[in-house]
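Trainee: After the structure tokens below, expect a handful of questions from me.
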Amino acid sequence: MITQRLLTRPLTVNRPLLRRAYTTKAPSAINQSIKSDHQALRDAYRHYEDNKNEKKEAQMWANKYIHDLARHSVAEEIILYPAFKTMLGKRGQEMAERDYEHQQVIKEIAFQLQSMKAGEDGFDMKFKELVSIVELHMKEEEEIDLPALDKGTTEADGHQLAEQFEKMKSFVPTRSHPSAPQNPVLQAAAGLVVTPFDKLMDQFRTFPSNQEKKVDE
Ligand SMILES: [Fe+2]
């Protein structure tokens with residue numbers, strides 16, 4: 001079972017590593033981009049929880065969560081984790097491998113959730129399972145990976161990565177595809193192939209309108 005698999009490799013914050021990664025520099029542009037996406041995910045889930053008894057509303061926020069999670073995760077796999085490998089040496093390689101593995105678990109659970117509907121038996125529990133794993137993963141990125149990246153790179157690197165990351169999000173699939181290859185080059189190609197179909201499907205899915213999002217902010 002997916003959760004059991006994850007528990008055999010628990011997501012933990014390594015304190016000595018965290019101390020070494022600490023930096024007094026201001027957070028880089030890529031650090032800010034990633035954290036801002038994380039906050040948007042936390043907000044979407046909070047809105048889902050607040051509207052859990054209204055099926056339509058709950059579904060809209062769950063859709064937004066999955067949509068944002070899919071784009072964020074694939075852009076991280078294509079832009080961020082390869083940067084860990086090339087810019088942070090052996091330690092970056094280890095960080096990237098751990099993150100790819102966690103992303104695979106996250107995508108598999110997100111994929112299961114996509115075939116369920118808000119209000120149905122099991123949906124809320126499955127969504128909670130996804131959110132708790134995503135939260136642990138985000139915490140590890142925020143507390144270990146991003147400070148280490150900031151320490152090992154320049155301000156210009158941070159800006160360039162942020163630009164590539166934001167650009168990539170507009171190309172990647174908007175729904176979870178756990179069977180997509182994890183090799184970044186192949187994945188980029190796979191993403192470009194499925195994106196038009198995903199975008200088409202999204203027209204038939206409901207999302208919170210800009211006005212609704214503003215009211216809830
Ligand atoms: Fe992330």
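Trainee: Could you tell me whether segment 111-173 comes out rounded, prolate or oblate from its Cα gyration tensor? Rule is a ≥ b ≥ c as square roots of the eigenvalues, rounded for a/c under 1.5, then prolate if a/b exceeds b/c, otherwise oblate.
Mentor: Oblate.
Trainee: Which pairs break 24 Å Cα to Cα here: 25/64; 85/128; 107/128; 85/126?
Mentor: Result: 25/64; 85/128; 85/126 exceed 24 Å.
Trainee: Further, regarding this structure: Mind ordering 137-146, 72-81 by average Cβ neighbours within 10 Å, highest first?
Mentor: The peptides rank, most packed first, as 72-81, 137-146.
Trainee: Do any of 139/169; 90/151; 55/139 go past 23 Å between their Cα atoms, and which?
Mentor: Pairs exceeding 23 Å: 55/139.
Trainee: Determine which aspartates and glutamates satisfy two conditions relative to residue 167: a Cα distance under 20 Å, and not lying fewer than 8 residues away in the same chain.
Mentor: Correct list for residue 167: 37, 68, 76, 77, 155, 157, 198, 202.
Trainee: Here's another thing I want to ask about it. How much FRET efficiency would the formula 1/(1 + (r/R0)^6) give for residue 25 and residue 167, where r is the Cβ-Cβ distance and R0 is 35 Å, rounded to 0.05?
Mentor: For R0 = 35 Å, the calculated efficiency reads 0.90.
We did not get these values from a lab; they are worked out from the coordinates using the rules stated. What you see is a predicted model; the values in this text were computed from it and never measured. Reconstructed Cβ throughout: ideal geometry from the backbone, glycine too, with neighbour counts over all protein chains shown.
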